[in-house]
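What follows is a single structure, written as structure tokens, with notes after it.
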Amino acid sequence: MTQLRLVRSNESASTVGVPGNTVAQRRGVRVLTLHDALWRVTRTNGEVLGYVESFEEPRGIRFRAKRMIPLNKRFIVRGEFWSFDDAVDCLRFG
């Protein structure tokens, strides 16, 4: 597991764990690392649920969950989170 260093203004640095291996199985879904800031989230049967991307903002690193809409061939942003796990859960349950 890769550790990302989070730094928020007026706070000490903290770390958050995100999958650093190629494929990780997490609570009924698979998370495939595409590159350092992008992960594909699928069901265990291979159905693509969406993507999680990380991005920096002034207060630290955020994770954006994007739902894949196959019929329309587009994505809908489902939310932005401080936690990688919360972003994955958003796709898993949403």
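The values are calculated or read from the model by the stated rules, or taken from the named source; none is laboratory data. Please read these numbers as outputs of a predicted model, since none were measured by experiment. Positions of Cβ are generated from backbone atoms using ideal geometry, with glycine treated the same way; all protein chains shown enter the neighbour counts.
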**Request:** State whether one or more residues within region 29-41 are touching a residue at least 60 places away in the same chain (Cβ under 8 Å), part of a strand (DSSP E or B) and touching a Ser or Thr at 6+ places or on another chain (Cβ under 8 Å).
**Result:** yes
**Fill in**
Residues of region 42-55 being surrounded by fewer than 16 Cβ atoms within 10 Å (Cβ to Cβ) and in a strand (DSSP E or B), in sequence order, are ARG43, VAL48, PHE55
**Prompt:** If the Cβ limit is 8 Å and pairs must be 6+ apart or interchain, which residue in region 67-87 that is within 17 Å of VAL48 (Cα to Cα) pairs with which residue that is among the hydroxyl-bearing types (Ser, Thr, Tyr) and modelled with pLDDT of 90 or more?
**Reply:** MET68/TYR51; PHE75/TYR51
